[in-house]
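For reference, the structure is listed below as structure tokens.
The values are calculated or read from the model by the stated rules, or taken from the named source; none is laboratory data. Only a predicted model underlies this, so the values are computations on that prediction, with no experimental measurement involved. Positions of Cβ are backbone-derived with ideal geometry, glycine not excepted, and every protein chain shown enters the neighbour counts.
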Amino acid sequence: MDKIPPAVSNLEVKYTKLFINNEFVDAKDGSTFPTEDPATGENICQVSEAKAADVDAAVAAARKAFQPGSEWRKMAPKKRGVLLNKLADLLLRDQHYLASLESLDGGRLYSACFAVDIPSCADVLRYFAGWADKDHGSTMPMEDGYFAYTRHEPIGVCAGIIPWNVPLAMFCWKLGPCVSMGNVLVLKPAELTPLTALYMASLIKEAGFPPGVVNVIPGFGKTAGSPLSRHMDVDKIAFTGSTLVGRQIQKDSAETNLKRVTLELGGKSPNIVFADANIDFAVEMAHVAVFFNNGQICCAGTRTYVHEDIYDEFVKRSVVRAKKGIVGSPTSLTTEHGPQINKLQKDKILKYLEGGVKQGCKIECGGGEIKGKGHFVQPTVLTNLTDDMTVSKEEIFGPVQQIYKFKDVSEVLKRANNTKYGLAAAVFTNDINKAMAISNGIEAGTVWVNCYYKFDPCLPFGGYKQSGTGRELGQYALHEYTQVKTVAIKL
Ligand code: NAD
């Protein structure tokens with residue numbers, strides 16, 4: 001890859017208003033809220049705050065764009081693909097600015113955002129652009145005198161509610177299949193990271209999407225998210241965030257219009273390392289599995305299970321590796337670990353560590369905050385853990401690796417599955433039988449064998465158990481944004 005340019009300094013924030021009907025507008029009551037740079041704790045700017053009346057306006061704009069006979073409904077499916085491809089081009093055109101903005105607003109590593117997130121977002125958009133004119137129904141075998149077929153039709157007005165940890169990626173994962181299949185979208189970014197979603201909105205307009213097809217309304221969960229998930233004119237809601245809020249959204253849908261719901265929720269993913277694995281590689285991958293994005297990843301491999309024969313050596317090397325990571329400004333090209341998203345999240349992590357120590361776990365390294373500006377936590381490794389400790393059961397969402405010892409396949413499978421979550425898992429081994437036993441037996445939507453975070457637009461992603469329902473990415477995502485109509489004709 002070409003050299004990554006330094007992040008844009010003195011970044012100018014261009015878009016701070018709600019995006020409804022292809023226009024940037026103030027909130028109806030004029031409300032705004034501040035968004036903060038997590039690396040310094042300083043306010044970046046004020047952003048318009050959507051509330052129920054703005055949600056209504058965005059949903060109405062989306063509904064209008066979806067009316068039969070509208071430009072969007074009449075558009076040839078392949079043209080929707082052309083628009084998505086154009087948007088991918090624009091994302092890459094503005095890669096430098098967007099990566100800098102994502103880093104400023106969310107504390108995400110600028111280098112990772114530039115080199116990985118934005119190219120992957122463009123790939124996702126292109127993947128779904130390709131599907132726009134390829135997902136079709138079929139004809140059915142019927143007795144003489146009848147002809148029957150199915151149509152895959154868009155669902156209608158879809159709402160997307162996304163978290164703050166990888167904002168651009170979450171936006172594209174929702175946008176791609178939604179508009180590829182002919183739906184319209186109202187997206188509510190997380191209140192902690194509204195800026196790149198608004199910039200994306202400007203690119204959506206520039207790409208040529210008709211007014212109302214995509215609307216972006218920053219706001220808070222209770223005052224914007226909830227009116228959206230309870231809205232009677234929203235046909236589907238695609239949510240990514242915590243299991244707690246996911247449960248509420250499921251309830252909101254049930255209590256209102258039974259809108260379709262897909263949920264991408266939390267995780268406590270096991271990463272199982274057998275004694276025959278390449279230990280250097282497994283230590284590095286286990287490190288990345290936990291510390292990527294400072295532990296703020298739903299599918300982070302937080303529970304590292306290591307076979308007893310290599311346990312001591314593995315812990316030793318993991319501690320050396322964790323201590324090596326450079327913590328600092330997310331825009332610096334040499335930084336490995338940036339800040340946590342805010343003070344609340346930092347304090348939550350520190351509280352988990354305090355509670356863990358009280359319950360008997362040992363801090364091998366890290367364990368505290370880094371004092372000064374911003375919200376930094378030291379990369380931490382915990383041992384002496386039992387499966388019933390709070391830190392073993394709950395999602396910490398921070399840079400905390402937990403290393404457990406195991407004896408054999410059946411024991412580790414049972415322990416790995418002893419969680420309410422089921423988002424992802426990994427196994428490191430050179431023995432195909434062990435790899436298969438774990439990948440077949442694990443209760444998770446994704447299993448990585450001798451790798452971690454292997455994402456691709458064609459690979460479906462989603463949760464078992466309380467990690468969610470439905471799938472994003474891949475061909476499976478198309479079914480989340482279409483409904484099947486059966487037409488039976490008497491000839
Ligand atoms: P969160 O659940 O607090 O918030 C997510 C979004 O929901 C935000 O936009 C928020 O404003 C909104 N929201 C909050 N209350 C709401 C309500 N009552 N009604 C409607 N919307 C509401 O989660 P978070 O703290 O932003 O993100 C972290 C969580 O997201 C973690 O649990 C993480 O595992 C999960 N996550 C999951 C995936 C996945 O693909 N499974 C990906 C990223 C993050």
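If we scan the range 33-56, do we find a residue that is in contact (Cβ under 8 Å) with a residue 24 or more places away in the chain and under 30 Å from Trp131 (Cα atoms)?
yes
On the given criteria, is Asn215 among the polar types (S, T, N, Q), within 16 Å of the ligand (Cβ to nearest atom), more than 23 Å from Asn418 (Cα to Cα) and surrounded by 24 or more Cβ atoms within 10 Å (Cβ to Cβ)?
Answer is yes for this residue.
For the range 1-46, give me each residue that is in a strand (DSSP E or B), among the acidic types (Asp, Glu) and surrounded by fewer than 16 Cβ atoms within 10 Å (Cβ to Cβ).
Glu23, Glu42
Output the residue which, of all residues in the range 225-248 that are within 6 Å of the ligand (Cβ to nearest atom) and hydroxyl-bearing (Ser, Thr, Tyr), is surrounded by the fewest Cβ atoms within 10 Å (Cβ to Cβ).
It comes out as Ser242.
The rows are residues; the columns are (1) charged (D, E, K, R); (2) more than 22 Å from Glu284 (Cα to Cα); (3) in the same structural domain as Phe281 (by the TED database).
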site	(1), (2), (3)
Arg415	yes, yes, yes
Asn418	no, yes, yes
Ala426	no, no, yes
Thr429	no, no, yes
Ser439	no, no, yes
Ile442	no, yes, yes
Phe455	no, no, no
Phe461	no, yes, no
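Name the residue that is surrounded by the fewest Cβ atoms within 10 Å (Cβ to Cβ), counting only residues in the range 172-190 that are within 13 Å of the ligand (Cβ to nearest atom) and over 15 Å from Asp54 (Cα atoms).
Ala190
Of the residues Lys222, Lys251, Lys205, which single one is within 16 Å of the ligand (Cβ to nearest atom), within 24 Å of Lys28 (Cα to Cα) and either among the β-branched types (Val, Ile, Thr) or not in a loop (DSSP other than H, G, I, E, B) (or both)?
Of Lys222, Lys251, Lys205, the one residue that is within 16 Å of the ligand (Cβ to nearest atom), within 24 Å of Lys28 (Cα to Cα) and either among the β-branched types (Val, Ile, Thr) or not in a loop (DSSP other than H, G, I, E, B) (or both) is Lys222.
Considering only residues that are of a type in the set (Gly, Ala, Ser) and within 25 Å of Pro5 (Cβ to Cβ), which ones fall in the range 317-346? Before the answer, list the steps.
Narrowing the range 317-346 to residues of a type in the set (Gly, Ala, Ser): 318, 322, 325, 328-329, 332, 338.
Within the range 317-346, Gly325, Gly328, Ser329, Ser332, Gly338 qualify.
The rows are residues; the columns are (1) closer than 30 Å to Gly145 by Cα; (2) within 15 Å of the ligand (Cβ to nearest atom).
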site: Asn450; (1), (2): no, no
site: Phe455; (1), (2): no, yes
site: Phe461; (1), (2): no, yes
site: Glu472; (1), (2): no, yes
site: Tyr476; (1), (2): no, yes
site: Glu480; (1), (2): no, yes
site: Lys490; (1), (2): yes, no
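So which residues in the range 463-481 are aliphatic (A, V, I, L, M) and either assigned to a helix (DSSP H, G or I) or in contact with a Gly (Cβ under 6 Å, 6 or more places away or on another chain) (or both)?
Once the filter is applied, which keeps residues that are aliphatic (A, V, I, L, M) and either assigned to a helix (DSSP H, G or I) or in contact with a Gly (Cβ under 6 Å, 6 or more places away or on another chain) (or both), the range 463-481 yields Ala477, Leu478.
Quick check, is Ala159 among the aliphatic types (A, V, I, L, M), within 16 Å of the ligand (Cβ to nearest atom) and in the same structural domain as Ile217 (by the TED database)?
In short, yes.
Taking Ala425 as the residue in question, decide whether it is under 19 Å from Ala275 (Cβ atoms), within 16 Å of the ligand (Cβ to nearest atom), in contact with a helix residue (DSSP H, G or I) (Cβ under 8 Å, 6 or more places away or on another chain) and not in a helix (DSSP H, G or I). Reasoning before the result, please.
Numbers: under 19 Å from Ala275 (Cβ atoms): yes; within 16 Å of the ligand (Cβ to nearest atom): yes; in contact with a helix residue (DSSP H, G or I) (Cβ under 8 Å, 6 or more places away or on another chain): yes; not in a helix (DSSP H, G or I): yes.
Criteria met by Ala425.
Could you count how many residues in the range 445-457 are within 16 Å of the chain's Cα centre (by Cα) and of a type outside the set (Phe, Trp, Tyr)?
5
Under 6 Å between Cβ atoms, at least 6 apart or on separate chains: pull out the pairs that start in the range 384-408 with a residue that is under 28 Å from Ile341 (Cα atoms) and end on any residue that is among the aliphatic types (A, V, I, L, M) and within 15 Å of the ligand (Cβ to nearest atom).
Final answer for the pair search is Ile396/Ile349; Gly398/Ile349; Gln401/Val290.
Ala58 - would you say it is crowded, with 17+ Cβ neighbours inside 10 Å and modelled with pLDDT of 95 or more?
yes
Among the residues of the range 250-284, which ones are under 20 Å from the mean Cα position of the chain (by Cα) and under 30 Å from Glu308 (Cβ atoms)?
Our first condition is that a residue be under 20 Å from the mean Cα position of the chain (by Cα); within the range 250-284, this holds for 250, 260-271.
Residues satisfying the conditions are Gly266, Gly267, Lys268, Ser269, Pro270, Asn271.
Given the options Lys358, Lys343, Lys371, Lys362, name the one that is closer than 20 Å to Val320 by Cα and surrounded by fewer than 17 Cβ atoms within 10 Å (Cβ to Cβ). Break it down into steps so the answer makes sense when it comes.
On the way: Lys358 fails: closer than 20 Å to Val320 by Cα; Lys343 fails: closer than 20 Å to Val320 by Cα; Lys371 fails: closer than 20 Å to Val320 by Cα.
Just one listed residue meets the conditions, Lys362.
Can you name the number of the only condition in (1) crowded, with 24+ Cβ neighbours inside 10 Å; (2) touching a Leu at 6+ places or on another chain (Cβ under 8 Å) that Trp131 fails?
(1)
Of the conditions (1) more than 19 Å from Thr40 (Cβ to Cβ); (2) modelled with pLDDT under 95, Ala426 satisfies every one except a single condition; which number is it?
The failed condition is (2).
Only residues that are surrounded by fewer than 20 Cβ atoms within 10 Å (Cβ to Cβ), touching an Asp or Glu at 6+ places or on another chain (Cβ under 9 Å) and closer than 22 Å to Pro38 by Cβ: list them for the range 288-326, please.
Gly325, Ile326
Within the range 402-422, is even one residue buried (at least 23 other Cβ atoms within 10 Å of the Cβ), under 28 Å from Leu98 (Cβ atoms) and under 25 Å from the mean Cα position of the chain (by Cα)?
no
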